[in-house]
Structure formats: structure tokens, C-alpha cells
Amino acid sequence: MLTQYQAQKQQLKILPQQIQLLSLFHLNNLELEQRIQQELNENPLLEQTSEPGDELSASSEDVADFKDLDEYVYDDIPDYKLEYGNYFASETIPEKPLAQTADFREDAKAQFRLVSHNEDDTALADFIIDCLENDGLLQIDHQTLADDYSFKKGKFVNVEDITEIINRIQLLDPVGLACSNTRECLVLQLHQLNGKRPDVKAALQILQCFYKDLMNRNLDKIKQQLKLDEVELRIVLELIAGLRMRPVAENASSVLSNPSITPDFLLVIENDSIHVSLTRERSSGLYISNSWASMVEDYDKNNKSDKATAQYLRNKLNAARWFVQAIQQREATMLRIMNAIVEMQYDYFLEGDISLLKPMILKNIAEKVGVDISTVSRVTCNKYVDTPFGTLLLKDLFTEGILNAKGEVISNKVIQHAIEEVIQQEDKKKPYTDQQLVAILAERGFNIARRTIAKYRELLQIPVAQMRCFWA
């Protein structure tokens with residue numbers, strides 16, 4: 001039976017232009033250049049000014065035309081610098097060859113194309129592979145990958161599709177690509193071995209069922225549960241120790257030797273004062289063509305019969321105006337967020353000492369700037385800032401807080417850095433246990449529980465003392 005009723009409810013709707021604006025926030029410098037170039041190609045009403053200095057640039061041949069005889073003879077260039085070039089024409093002087101290095105990402109993409117001929121799956125696999133860390137692990141959760149891909153490509157993809165493609169990538173060579181942690185990487189490597197071997201079976205049981213006990217060195221419990229003696233347990237542990245902790249070694253030739261990062265922000269310190277600016281402002285170079293804009297208005301007035309063409313031109317004009325305003329809003333929002341970060345982390349940016357890093361979460365910046373948390377997340381997730389002490393990923397500046405011995409709240413990044421520092425200085429044959437790390441950090445003023453040490457150690461992809469001893 002059909003019935004009618006009235007109901008009042010609140011519903012949030014996002015306009016298409018708001019979605020496009022959010023996608024612009026997520027772009028870095030290189031991606032923004034491509035997006036602007038695409039808009040310039042598609043919209044004739046949108047134009048950009050030339051880069052400063054383009055009109056004044058001249059080639060070396062043009063400059064040479066103005067040299068007189070004295071300038072050619074007395075150029076102050078030593079003869080030994082010109083002697084080698086005398087044997088070659090200026091157009092054919094050989095340059096120093098660059099060594100070609102294979103990137104594991106490109107190799108993985110090529111492998112995936114051999115096993116898949118679906119263009120959508122290939123495009124999604126390329127996106128996921130590009131998100132891998134230099135060690136081959138995938139530190140981004142599946143939901144975030146699905147959201148980022150949908151925003152960037154303008155094509156909706158669900159989490160199930162992401163998971164399916166990741167499972168297929170993990171079977172490529174080297175085995176374990178796109179794993180989220182060391183445990184998953186070790187399990188996948190064991191699955192490639194002979195599953196009938198007793199040591200392989202025991203190793204899989206340990207990693208799948210007793211991983212926490214292994215991390216906490218509860219070896220007696222593992223021996224009792226799996227009914228192994230001392231010799232058998234050592235054989236199994238040596239098998240696990242012989243596996244790769246990460247799919248790609250840090251010193252492997254498959255890793256890019258010199259990754260190029262284009263920072264989005266430039267941070268300069270002058271007289272204990274910090275100034276932040278965008279590396280490149282694009283809003284000032286974009287404008288609406290006056291001739292095209294006047295032509296659209298004239299056409300709208302004089303050709304009322306051709307409504308389709310007039311509507312098309314008006315849409316292009318509105319799209320160009322919106323795009324310029326969106327770029328301006330993007331740059332203004334980025335500067336406000338970056339200035340808020342610098343204000344909270346002033347001492348850290350002034351000295352560059354990680355011990356001065358304060359606890360900071362996305363909500364702190366969102367409340368200070370007056371924007372949504374998702375906006376702060378999109379601006380900081382893939383943006384870099386160039387500082388006097390290096391290029392930093394903004395996402396790495398957001399950390400939780402923890403109390404030290406003095407009752408002060410410090411960043412957990414400081415604790416993690418201290419753990420790394422202590423482990424790097426330890427005797428590799430006799431590594432520190434988690435309990436020993438607790439005592440050492442307590443001497444430094446960090447009263448941390450053993451389970452917290454284990455948690456941070458796993459986040460840093462550092463194995464337990466027993467495993468570090470095997471790898472030594």
C-alpha cells in the first residue's frame with residue numbers, strides 16, 4: 001500500500017566546482033603545470049603571460065654577432081679550456097655520458113602490462129606503483145588511494161578495485177611490492193617457497209599466528225605452541241632472517257639515485273624572522289583575453305538566434321573566470337596554511353633541530369586557518385617546503401604528543417628519532433632489547449613504556465633485537 005509522509009532532514013551536497021577546487025588543492029607544482037596547460041589548450045578565452053626574462057633572452061649565437069675583433073681576441077678564457085673543443089665542431093662536442101639506472105617502478109609497470117591488457121587496470125596499477133615508497137612498501141591506506149585516484153582522474157574507483165590491483169602487484173618481481181608492512185612482505189616471500197618444507201610451514205605459522213610473540217621475544221611460548229626444539233626453532237628463525245625485510249633494498253640500483261623534488265614553498269630566515277612564499281605563483285600570470293571576452297558579449301547581443309553558440313561561448317568565459325579565481329584561492333589558502341604551520345613550529349624552522357618539533361595535528365591548523373580538516377590534508381599530503389636545512393614533506397610535520405619526564409608535551413617524532421639514534425649506535429652483535437631501550441630513553445628524560453617502544457620500532461620498520469642479531 002502506497003503512503004505519503006513528510007520528513008525533514010539535513011543533507012550535504014557538494015557542487016561539481018567544489019570538487020574541482022578540492023582537486024586543485026591536492027595538486028603539486030608539476031601536476032598544477034599540467035592542469036593549467038590543459039586548461040589553456042581547451043579554453044581559448046584563458047591566456048597567460050610569458051615568463052619574466054623570456055623577451056630578453058638571447059642565444060649564444062645572437063650575442064656573438066655583436067662581438068668585435070678585440071672581444072674575440074681578448075676574452076680572458078685560458079687556452080687549455082678551448083684546446084679540447086678545437087678538435088670538434090661546436091655542434092658535435094661530446095658530452096659526459098650519464099649512467100642509465102633502472103627504476104623498479106618502471107620495471108613493475110612493464111611486468112603488469114604483460115599480465116593485463118585492460119587499460120583501466122593498467123592506469124590504476126600505474127597510479128598505485130607511483131605511490132610506492134623507495135623501499136617498495138605502500139604506506140597509504142586503500143581508502144585514501146581510492147579517493148586520490150577518483151579526484152585526480154575524475155573517474156570513481158572503489159576500495160575493492162584498489163585491493164584487487166594491489167594483490168596483483170604483490171605477485172610481481174620483486175615479490176612483496178605494495179605490501180603495507182614487513183610482516184606481509186615476509187609472508188609473501190615464504191609463499192613462493194616450497195610449502196611442504198617443515199621449516200617453511202613453521203615460519204608461516206610464526207608470522208601469521210605468533211608475530212607479536214616473535215616481536216616480544218616470547219620464544220618459549222612459540223616453541224611450546226609449535227612443539228619445536230631449540231635447534232628447529234633456530235633453523236626457522238634463520239630462514240626468516242634470510243628473507244628481505246623490504247621488497248627493494250635501499251642501496252639497490254633499481255632505486256632512483258637522484259630523485260628530483262620541486263618544492264611548493266620557499267622558507268627564508270632573515271634576522272630571526274621567517275618568511276614564507278610560494279615557489280611559483282601562477283595566478284598573476286593567468287588572465288581573461290579582453291578581445292575574446294568582448295567578442296563573446298558582442299556575439300551574445302547581435303546573434304540571438306544562434307543560442308547554442310552563444311551558450312557555448314558564455315560557458316567558456318565563465319569557466320575561464322572560475323579557473324583564475326580557483327588558482328588564486330588555492331594559492332591564498334596554501335599560504336595561510338603554511339604560515340599557520342610556521343607559527344606553530346617557529347622554533348623548529350628557526351633551528352632545524354628535530355627535538356624542537358612540537359605536537360601538531362590537522363585539526364590544530366584547520367582551526368587556526370578557519371578551513372576544513374580535509375582541506376589541510378589535501379594541501380599538506382604531497383607538498384614540500386624548501387628550508388635552509390633541507391626539503392621537507394609537510395605531512396611529516398604532523399605528529400601526536402606524549403609527556404616526557406618534566407611533564408612537557410613533546411612530539412612522538414622526537415621519540416622515534418631518539419630510538420633510531422640509539423639503535424644506530426648499538427653493538428650489532430648485542431643489540432638492545434625493548435626493555436633496555438626503555439632504560440636508555442629514561443636517562444634522556446623520556447619515560448616511555450615498553451609497548452610504546454615496540455610500537456614506534458615497528459613504525460620505523462626496525463625488527464626486534466633477536467632479528468637484528470641475525471641480520472648483523
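When the residues of the stretch 151-161 are filtered to those that are of a type outside the set (Gly, Ala, Ser) and not in a helix (DSSP H, G or I), which remaining residue is most open to solvent (accessible area, probe 1.4 Å)? Within the stretch 151-161, the match that is most open to solvent (accessible area, probe 1.4 Å) is 156. Checked against the criterion of being closer than 26 Å to residue 393 by Cα, modelled with pLDDT of 85 or more and over 21 Å from the mean Cα position of the chain (by Cα), the candidates 191, 275 yield just one match: 275. Against the list (1) modelled with pLDDT of 90 or more; (2) open to solvent by 80 Å² or more (accessible area, probe 1.4 Å); (3) polar (S, T, N, Q), the condition residue 325 fails is (1).
Entry remark, the stretch 307-347: residues being hydroxyl-bearing (Ser, Thr, Tyr), in contact (Cβ under 8 Å) with a residue 40 or more places away in the chain and farther than 21 Å from residue 281 by Cβ number 1 in total. Please enumerate the residues belonging to the stretch 29-47 that are more than 21 Å from residue 292 (Cβ to Cβ) and over 27 Å from the mean Cα position of the chain (by Cα). Passing the criteria: none in range. Residue check: residue 355 meets all listed conditions (1) modelled with pLDDT of 85 or more; (2) within 25 Å of residue 261 (Cβ to Cβ); (3) polar (S, T, N, Q) but one, namely (1). Residues that are surrounded by 13 or more Cβ atoms within 10 Å (Cβ to Cβ) and touching a Phe, Trp or Tyr at 6+ places or on another chain (Cβ under 8 Å) within the stretch 227-239 comprise just one, 237. What are the residues in the stretch 207-226 that are open to solvent by 30 Å² or more (accessible area, probe 1.4 Å), over 16 Å from residue 468 (Cβ atoms) and either touching a strand residue (DSSP E or B) at 6+ places or on another chain (Cβ under 9 Å) or of a type in the set (D, E, K, R) (or both), if any? Result: 212, 220, 221, 223. If the condition is being among the aliphatic types (A, V, I, L, M) and buried (at least 16 other Cβ atoms within 10 Å of the Cβ), then the stretch 371-392 contributes 371, 376, 379, 385, 392. Do we have residue 185 as touching a residue at least 12 places away in the same chain (Cβ under 8 Å) and open to solvent by less than 20 Å² (accessible area, probe 1.4 Å) here? Taking the combined requirement at face value, the residue satisfies it. Of the helices (runs of 4 or more DSSP H) lying entirely inside the stretch 267-353, the ones with 1 or more residues being closer than 28 Å to residue 43 by Cβ are found at 290-302, 307-344. For residue 374, state whether it is within 19 Å of residue 19 (Cβ to Cβ) and among the hydroxyl-bearing types (Ser, Thr, Tyr). When the stated conditions are applied, residue 374 passes them. In the stretch 397-418, is there at least one residue being part of a helix (DSSP H, G or I), open to solvent by 30 Å² or more (accessible area, probe 1.4 Å) and acidic (Asp, Glu)? There is no residue in the stretch 397-418 that is part of a helix (DSSP H, G or I), open to solvent by 30 Å² or more (accessible area, probe 1.4 Å) and acidic (Asp, Glu). Counting only residues that are assigned to a helix (DSSP H, G or I), over 15 Å from residue 469 (Cβ atoms), out of contact with any Leu (no Cβ under 7 Å at 6 or more places or on another chain) and open to solvent by 30 Å² or more (accessible area, probe 1.4 Å), the stretch 420-446 holds 7 of them. For the stretch 367-389, residues that are more than 30 Å from residue 271 (Cα to Cα) and either in contact with a Pro (Cβ under 6 Å, 6 or more places away or on another chain) or not in a loop (DSSP other than H, G, I, E, B) (or both) total 5. Scanning the stretch 192-206 for residues that are open to solvent by 60 Å² or more (accessible area, probe 1.4 Å) and touching a Leu at 6+ places or on another chain (Cβ under 8 Å) yields one hit, 205. The criterion of at least 3 residues that are among the polar types (S, T, N, Q) is met by none of the helices (runs of 4 or more DSSP H) wholly inside the stretch 162-237.
Figure legend. Inter-residue proximity from the stretch 141-169: first residues more than 21 Å from residue 381 (Cα to Cα), second residues of a type outside the set (S, T, N, Q) and surrounded by fewer than 19 Cβ atoms within 10 Å (Cβ to Cβ), beta-carbon distance below 6 Å, spacing 6+ or different chains. Indicated pairs: 163/142. Taking the criterion of being at pLDDT below 85, charged (D, E, K, R) and open to solvent by 40 Å² or more (accessible area, probe 1.4 Å), would at least one residue in the stretch 117-131 satisfy it? Looking through the stretch 117-131, none of the residues is at pLDDT below 85, charged (D, E, K, R) and open to solvent by 40 Å² or more (accessible area, probe 1.4 Å).
The values are calculated or read from the model by the stated rules, or taken from the named source; none is laboratory data. From a predicted model like this one, the values you see are computed outputs, not experimental measurements. Here the Cβ is made from the backbone with ideal geometry for all residues, glycine too, and neighbour counts use every protein chain on show. Remember, those area values only see protein heavy atoms, side chains included, never the ligands or the DNA or RNA. Shrake-Rupley method; radii C 1.70, N 1.55, O 1.52, S 1.80 Å.
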